[in-house]
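Engineer: Below: one structure in structure tokens.
The values are calculated or read from the model by the stated rules, or taken from the named source; none is laboratory data. Being a predicted model, the structure only gives us computed values, none of them experimental. Here the Cβ is made from the backbone with ideal geometry for all residues, glycine too, and neighbour counts use every protein chain on show. Accessible surface areas use protein heavy atoms only, side chains included; no ligands, DNA or RNA. Shrake-Rupley method; radii C 1.70, N 1.55, O 1.52, S 1.80 Å.
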Amino acid sequence: MDEDKIARQMERRRQLADRNTGAVVDLLGRREELRGIYPAADLVAENVGWAV
């Protein structure tokens, strides 16, 4: 594998992770009744809230 392809794939994965995290935070912001159902999602939402 060449270095450029590896770099592109790593950047793509980082962007997807950022998008997915943002979607979880947005969803929990809109639907408070979902809090507490999946603890990992609650943790992500709380940590992103502190980071922003």
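Engineer: Accessible area, 1.4 Å probe, largest first: how do L34, L28 sort?
Structural biologist: On the way: L34 45, L28 10 Å².
So the residues, ranked largest to smallest area, are L34, L28.
Engineer: Further, regarding this structure: Give the ranking of I6, I37 by solvent-accessible surface, highest area first, calculated with a 1.4 Å probe.
Structural biologist: In descending accessible area the options line up as I37, I6.
Engineer: In nanometres, what is the gap between the two model label sites at L16 and E3, each 7 Å from Cα along Cα-to-Cβ?
Structural biologist: Output for this residue pair reads 2.5 nm.
Engineer: Across 10 Å bins from the origin, how do the percents of Cα pairs in the chain run, short distances first?
Structural biologist: Over the chain, the share of Cα pairs per 10 Å bin runs 23, 40, 21, 14, 3 percent.
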